[in-house]
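Here is the structure we will look at, set down as structure tokens.
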């Protein structure tokens with residue numbers, strides 16, 4: 001996560017990040033947040049979620065660096081930029097995990113949430129690895145929650161995709 005984030009930000013955005021001390025956070029600790037959170041799912045023999053979060057101001061700065069244009073307020077371009085950066089960072093993490101674990105993993109489409117005083121949480125009580133970064137006065141948090149997929153309905157050869165289920169109304 002450290003390497004992937006640093007590489008994406010320096011190569012794609014021309015922004016240098018300073019990494020702070022990583023820590024583990026319980027999913028059931030819900031702290032109100034403001035700004036932007038981008039979530040992307042990982043599926044296969046291991047399943048979980050990757051996330052990037054930052055202030056709206058830093059999201060505008062990231063978008064400006066990616067698109068080489070000024071963004072003073074949140075708009076669709078800023079949200080799309082954050083989704084793309086999430087895809088790049090967590091996509092690189094996924095590739096490294098596949099090499100180290102010897103399994104294939106799928107990656108979902110990012111979901112981006114922004115606003116004031118909101119909370120995000122997963123359904124399971126899991127631990128997240130959180131790596132904080134800073135760039136000047138701005139802060140970015142890269143998070144990952146990943147564990148073995150215990151879904152007995154997962155189809156061999158199609159990791160992360162459940163067998164079809166019939167629902168009657």
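Points to keep in mind about this one:
- Residue 81, sole failed condition from (1) in contact (Cβ under 8 Å) with a residue 24 or more places away in the chain; (2) surrounded by 13 or more Cβ atoms within 10 Å (Cβ to Cβ): (1)
- For residue 114, the conditions (1) modelled with pLDDT under 95; (2) closer than 23 Å to residue 3 by Cα; (3) within 17 Å of the chain's Cα centre (by Cα) all hold with the exception of (2).
- Residue in the range 31-51 that is more than 14 Å from residue 143 (Cα to Cα), over 15 Å from the mean Cα position of the chain (by Cα), assigned to a strand (DSSP E or B) and modelled with pLDDT of 95 or more present: no
- Sub-6 Å Cβ pairs linking a first residue in the range 12-41 that is farther than 29 Å from residue 66 by Cα to a second residue that is surrounded by 15 or more Cβ atoms within 10 Å (Cβ to Cβ) and at pLDDT below 80, at least 6 apart or interchain, are 27/126, ordered by first then second residue.
- Single residue of the range 122-146 satisfying the filter (modelled with pLDDT of 65 or more and either out of contact with any strand residue (DSSP E or B) (no Cβ under 6 Å at 6 or more places or on another chain) or loosely packed, with under 10 Cβ neighbours inside 10 Å (or both)) that is nearest to residue 24 (Cα to Cα): 122
- Residue 27 being closer than 20 Å to residue 127 by Cβ, under 17 Å from the mean Cα position of the chain (by Cα), at pLDDT below 95 and surrounded by 12 or more Cβ atoms within 10 Å (Cβ to Cβ): yes
- Matching residues in the range 82-118 - criterion: being in contact with a strand residue (DSSP E or B) (Cβ under 8 Å, 6 or more places away or on another chain), over 22 Å from residue 10 (Cβ atoms) and in a helix (DSSP H, G or I): 98, 101
- There is no residue in the range 76-88 that is modelled with pLDDT under 95 and in contact with a helix residue (DSSP H, G or I) (Cβ under 8 Å, 6 or more places away or on another chain).
The values are calculated or read from the model by the stated rules, or taken from the named source; none is laboratory data. It should be emphasised that the depicted structure is a prediction, and the values quoted were computed from it without experimental measurement. Cβ coordinates were reconstructed from backbone atoms using ideal geometry, including for glycine residues, and neighbour counts include every protein chain displayed.
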